[in-house]
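The values are calculated or read from the model by the stated rules, or taken from the named source; none is laboratory data. The structure presented is a predicted model; accordingly, all values stated were derived computationally and were not measured. Note: ideal-geometry Cβ built from the backbone for every residue, glycine included; neighbour counts use all protein chains shown.
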Amino acid sequence: MTGDGELRELAAKQAALGEVAGAPAADPVNVPMIRHWLSAMGDANPVYLDTGVAPPAMAQVWTMQAPVSGDRSPVNVMMTALDAAGYTGVVATNCEQTYHRYARVGELLTPATRFTDLAGPKRTALGVGFFATWVITWYADAGEPVAEMLFRVLKFRPPEKRAEPYPLRPAVNRDTAFFWEGVRRGELRVQSCADCGELRHPPGPMCPRCHSVNRAHVVAGGEGVVYSYVVHHHPPVPGRETPFVVAVVELPEGVRIVGNVVGCPPESVDVGMPVRVTYRPMDDELVLPVWTPRES
Amino acid sequence: MRTLTQEQVEVGSVLPELSLDLTPTVVVSTALATMDFTPVHHDVEIARAQGSKDIFLNILTTMGLIERYVTDWAGPAAVIRRINVKLGVPAYAGDRLSLRGSVAAHAEGEVTVEVRGMVSLGDHATGTVTLVLPAGQP
């Protein structure tokens with residue numbers, strides 16, 4: 001991926017090329033295209049057809065063409081490099097047209113483009129991006145400039161698509177934070193007593209065996225068997241599709257953990273079924289430990 | 001059609017508002033009249049797949065409508081010198097474009113009109129149009 005410094009270097013090179021001539025218009029300035037344009041715009045100004053001149057804002061229309069593949073014009077080289085660097089979004093920000101005179105019917109216009117400036121990277125509402133500016137001048141047959149246009153676009157890096165937030169959040173507090181921290185790292189943590197070593201789940205402030213409040217945790221192996229389960233059909237639960245399985249899973253470490261069994265039809269779940277923990281992203285932030293069938 | 005003369009215009013003069021229904025026909029026919037065949041200006045499915053709500057006006061048309069707006073007011077003998085536009089929110093099919101303007105400067109025969117084109121999402125285009133008006137009868 002091209003770095004920002006390299007992009008600026010490439011921009012300076014394109015600007016140093018100066019004005020680069022484009023292909024002349026396919027057709028001379030003509031009455032049918034002017035009439036079509038006036039009709040579409042709803043413009044009733046009679047001056048154009050009465051005096052044989054084109055509406056000045058049509059300047060660019062005369063040289064519009066389908067994008068040519070392999071076009072190595074300075075603007076296109078720059079746009080391609082910005083795309084490759086991840087700045088794939090584009091939005092035009094400024095269009096400034098100056099008309100030296102109105103183009104006359106019968107004149108053939110030829111455009112020439114000057115890449116003038118690349119500014120950035122800048123933080124914008126659409127994302128981080130570069131402002132690229134160029135100027136197109138349209139010349140009449142004798143090389144006389146008729147109109148020019150400054151055009152500026154923002155090439156931006158589209159922000160990552162964010163998933164809909166999952167509506168249910170686990171209660172994370174001082175007793176349970178270690179568990180959710182583990183989930184984020186792909187560890188199934190079980191609370192242990194720092195004094196007698198007894199494991200307990202769900203987490204709590206005091207050891208039920210020796211009454212110590214000194215806590216630690218171990219990382220479980222991630223395997224278990226279904227100790228008990230229900231298939232939830234009703235009522236509906238926000239963010240979930242019914243039916244789903246809620247199981248109590250017994251770990252070989254000696255504790256039981258509540259979680260969903262996924263990755264199999266609900267009717268295939270049974271008491272004694274061997275399962276393995278897996279981690280399912282529910283949205284951009286929340287990951288839940290869930291259980292999937294494993295071969296015994 | 002009459003044309004305003006330099007004497008008839010003063011700083012602060014307000015242009016009559018122009019309000020346009022941006023029907024799909026307007027969006028598509030203007031895109032084609034400006035030789036712009038980019039699909040987002042005529043193909044709803046492609047426009048939506050690219051994250052737009054609908055097809056939307058192309059920039060050449062925005063420039064053309066602003067030119068029309070000012071010459072509707074100034075008359076056929078007015079000569080347009082410059083149109084400078086800052087582009088804002090898209091003007092989608094189904095929306096309404098309201099153009100408003102007022103005279104911001106008037107010096108040495110040149111009149112500068114400030115123009116603002118609004119749609120339901122906010123400013124679609126804001127900028128200035130500079131033109132020359134004929135002198136009145138002595």
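Are any residues in region B:36-69 among the β-branched types (Val, Ile, Thr) and touching a residue at least 60 places away in the same chain (Cβ under 8 Å), and if so, which ones? Once the filter is applied, which keeps residues that are among the β-branched types (Val, Ile, Thr) and touching a residue at least 60 places away in the same chain (Cβ under 8 Å), region B:36-69 yields B:THR62, B:ILE66.
Scanning region A:13-36 for residues that are within 39 Å of the chain's Cα centre (by Cα) and in contact (Cβ under 8 Å) with a residue 24 or more places away in the chain turns up A:GLN14, A:ALA15, A:LEU17, A:GLY18, A:GLU19, A:VAL20, A:ALA21, A:GLY22, A:ALA23, A:PRO24, A:ALA25, A:ALA26.
Listed by position, the strands (runs of 3 or more DSSP E) contained in region B:10-109 that have at least 1 residues being more than 9 Å from chain A (Cβ to nearest Cβ) and under 23 Å from A:MET64 (Cβ atoms) are B:96-107. Look at (1) of a type outside the set (Phe, Trp, Tyr); (2) touching a residue at least 60 places away in the same chain (Cβ under 8 Å); (3) out of contact with any Pro (no Cβ under 7 Å at 6 or more places or on another chain) and you find that A:GLU107 fails only one, number (3).
Confirm whether B:ILE83 is out of contact with any Cys (no Cβ under 6 Å at 6 or more places or on another chain) and crowded, with 21+ Cβ neighbours inside 10 Å.
Details: out of contact with any Cys (no Cβ under 6 Å at 6 or more places or on another chain): yes; crowded, with 21+ Cβ neighbours inside 10 Å: yes.
When the stated conditions are applied, B:ILE83 passes them.
Counting just the residues of region A:46-87 that are in a loop (DSSP other than H, G, I, E, B) and crowded, with 20+ Cβ neighbours inside 10 Å, which one comes out modelled with the lowest pLDDT?
Filtering region A:46-87 for residues that are in a loop (DSSP other than H, G, I, E, B) and crowded, with 20+ Cβ neighbours inside 10 Å, the one modelled with the lowest pLDDT comes out as A:TYR87.
Check whether at least one residue in region A:115-122 is under 22 Å from A:VAL75 (Cα atoms), free of Cβ contacts under 8 Å to residues at least 12 places away in the same chain and part of a strand (DSSP E or B), and report yes or no. Among the residues of region A:115-122, at least one is under 22 Å from A:VAL75 (Cα atoms), free of Cβ contacts under 8 Å to residues at least 12 places away in the same chain and part of a strand (DSSP E or B), which makes the answer yes.
Among the conditions (1) more than 10 Å from chain B (Cβ to nearest Cβ); (2) under 22 Å from B:THR38 (Cβ atoms); (3) without any contact (Cβ under 8 Å) to a residue 24 or more places away in the chain; (4) not polar (S, T, N, Q), A:ALA40 misses just one, which is (1).
Of the residues making up region A:98-123, those that are within 14 Å of chain B (Cβ to nearest Cβ), farther than 14 Å from A:LEU150 by Cβ and surrounded by 15 or more Cβ atoms within 10 Å (Cβ to Cβ) are A:HIS100, A:TYR102, A:ALA103, A:LEU109. Would you check if there is a residue in region A:203-213 being at pLDDT below 95 and part of a helix (DSSP H, G or I)? No; the residues of region A:203-213 include none that is at pLDDT below 95 and part of a helix (DSSP H, G or I).
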